[in-house]
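Step one of this worksheet: look at the structure below.
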Amino acid sequence: MFDYLVVGAGFAGATIAERLAANAGKKVIICDVRNHIGGNAYDHYDTDGILVHKYGPHIFHTNSRDVYDYLSQFTEWRPYQHRVLACVDGQLLPVPINLDTVNRLYGTSLTSFELEKFFASVAEPCARIKTSEDVIVSKVGRELYDKFFKNYTRKQWGLDPSELDAAVTARVPVRTNRDDRYFTDQYQVMPRHGYTRMFERMLTHPNIRILLNADYRVVKNEIPHRHVIYTGPVDEYFDYRFGRLPYRSLEFKFETRNIEVAQQGPVINYPNENAYTRVTEFKYLTGQEHPKTTLVYEYPRAEGDPYYPVPRPENAVRYKQYEKLAAATRGVHFVGRLATYRYYNMDQVVAQALTLYSKMSGVSRRETVTIRP
Ligand SMILES: Cc1cc2nc3c(=O)[nH]c(=O)nc-3n(C[C@H](O)[C@H](O)[C@H](O)COP(=O)(O)OP(=O)(O)OC[C@H]3O[C@@H](n4cnc5c(N)ncnc54)[C@H](O)[C@@H]3O)c2cc1C
């Protein structure tokens with residue numbers, strides 16, 4: 001008899017499984033419908049021997065010391081500051097928009113102070129910011145919005161920014177200095193030997209059994225267990241009783257080239273031309289040295305694996321119905337991005353799982369991070 005059946009071997013499932021097994025001494029079985037652990041952060045060596053992220057580029061960044069300390073037990077890190085360029089009007093320009101972006105786009109030499117004044121002169125005041133369009137146009141005006149955001153968002157979501165919640169672009173910073181880092185978090189690192197290796201170390205414990213190619217709906221009656229930790233889609237758990245929670249998906253097309261370096265930076269965004277949204281060259285992320293290089297092109301899709309919850313008010317209402325049902329379901333804890341229908345970064349999911357473990361075990365949140373013996 002297992003104390004816990006954990007559904008999903010991504011960050012949420014692996015963190016909680018590891019803590020229950022190593023910290024609380026529980027017997028855990030973790031199942032995943034896929035043929036590998038790691039969830040969407042899974043990485044592997046392709047046929048040419050280049051380390052790639054199967055479900056798109058995953059960059060680790062966090063301000064949480066707890067999360068950083070916790071994961072540091074299972075991996076060494078490689079310092080990595082992420083940078084993104086956008087292909088606009090035939091130039092490759094830094095994003096988020098900063099002083100250099102504007103100066104290079106318009107051939108100007110504004111100072112930070114002058115750029116602030118420029119933004120103020122082109123920004124369109126908005127009494128109440130409701131949509132993604134409002135967020136950007138009220139900060140940088142319509143021209144920069146059209147060049148950098150409008151079509152990218154349309155491609156990514158299949159919706160015009162005016163139809164999307166403000167939350168989608170609210171997190172996008174606009175800078176008046178020359179900082180061209182994509183993230184500003186305190187910890188910006190990549191697992192030195194990859195995510196999958198880190199997951200292997202998390203889940204290698206005598207109290208943990210791993211079951212792959214195993215759909216919870218199929219195996220649940222065959223595995224004797226007391227409690228469930230569920231990190232799959234919450235609507236699926238309840239047989240879509242209130243209807244499906246919509247997701248946006250992506251198709252990834254990988255391409256290996258017989259050259260050492262293919263593009264000018266780790267990620268190039270294509271807001272306007274081309275059907276793909278961005279192209280990532282993995283070796284920048286992983287630091288791997290190899291005579292060839294692999295790129296991945298991302299094509300947004302309406303159908304496919306569930307990646308991004310679609311942030312529209314009616315979907316939030318539907319999720320609330322599932323959330324209520326989940327809270328009333330005894331013996332099952334719902335955690336992670338699919339189970340809570342929210343876009344979370346990896347560190348946020350780890351934090352959510354550690355908080356759940358703290359509540360379940362009565363151990364203080366900081367103590368949940370204690371190094372395992
Ligand atoms: C394209 C893309 C890029 C991203 N880039 C970043 C990034 O750069 N930085 C960052 O911090 N975050 C990034 N993220 C977010 C990151 O992927 C998530 O935060 C993280 O994967 C969430 O972990 P999770 O365990 O909640 O979910 P997942 O990783 O999705 O794990 C859930 C697992 O449950 C399994 N499952 C589902 N249903 C069942 C079932 N019925 N039975 C058994 N198993 C089941 C799934 O197969 C899956 O493996 C990105 C996400 C996407 C889509």
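Computed from the C-beta positions of H36 and I259, the FRET efficiency with R₀ = 30 Å rounds to 0.55.
So how much slack lies between T370 and T329, counting 0.36 nm per residue of separation and subtracting their Cα-Cα distance, in nm? It would help to have the intermediate numbers written out before the result.
Values: separation 41, 0.36 × 41 = 14.76 nm, distance 3.00 nm.
Gain on extension, T370 to T329, equals 11.8 nm.
A Gaussian network model of the chain, with springs between Cα atoms under 10 Å, assigns the largest mean-square fluctuation among I229, I259, I50 to I259.
Counting only Cβ charges, +1 for Lys and Arg and -1 for Asp and Glu, the dipole size of the range 182-307 around its Cα centre is about 360 debye.
Calculate the dipole size of the chain relative to its Cα centre from +1 charges on Lys and Arg beta carbons and -1 charges on Asp and Glu beta carbons; express the result in debye to the nearest 20. Display every interim value, and only then the final one.
Details: 49 positive and 43 negative charges, 214 e Å.
Charge dipole of the chain: 1020 debye, to the nearest 20.
Each Cα pair under 8 Å and six or more residues apart adds its separation to the average, and for the range 1-54 the resulting relative contact order is 34 percent. Shown here is the pair-distance distribution of the chain: with all Cα-Cα distances grouped in 10 Å bins from zero up to the longest one, the shares run 5, 21, 30, 26, 14, 4, 0 percent.
Out of the total accessible area of the chain (probe 1.4 Å, heavy atoms of protein only), what percent is carbon and sulfur? Walk me through the intermediate numbers first.
Values: 8450 of 17360 Å².
Reported share for carbon and sulfur atoms: 49 percent.
A Förster radius of 25 Å combined with the Cβ-Cβ distance from S112 to R181 puts the calculated FRET efficiency at roughly 0.95. Under the convention that each Lys and Arg Cβ holds +1 and each Asp and Glu Cβ holds -1, the size of the dipole of the range 76-201 around its Cα centre is about 380 debye. Starting from the Cα of N213, move 7 Å in the Cα-to-Cβ direction to define the label point; list residues of the range 22-53 whose amide nitrogen is under 14 Å from there. Residues passing the 14 Å test: 32-37. Computed over protein heavy atoms with a 1.4 Å probe, the accessible surface of the chain works out to 47 Å² per residue. Our note on the geometry: Cα centres of the range 163-194 and the range 294-373, 20 Å apart.
In this view, the solvent-accessible surface of E303, computed with a 1.4 Å probe and all protein chains in place, comes to about 150 Å². Summed over qualifying helices (DSSP H, 4 residues or more, each -39500 (n - 2.57)) and divided by its residue number, the chain shows a 222 nm mean residue ellipticity of -8500 deg cm²/dmol.
For E236, E143, write out the residues from largest to smallest accessible area, computed with a 1.4 angstrom probe and no ligands counted.
On the way: E236 40, E143 100 Å².
Greatest to least solvent exposure: E143, E236.
The values are calculated or read from the model by the stated rules, or taken from the named source; none is laboratory data. Everything numeric in this text was worked out from a predicted model, so none of it was measured. FYI the Cβ positions are ideal-geometry reconstructions off the backbone, even for glycines, and counts take in every protein chain you see. Surface accessibility is based on the protein's heavy atoms, side chains included, excluding ligands, DNA and RNA. Shrake-Rupley method; radii C 1.70, N 1.55, O 1.52, S 1.80 Å.
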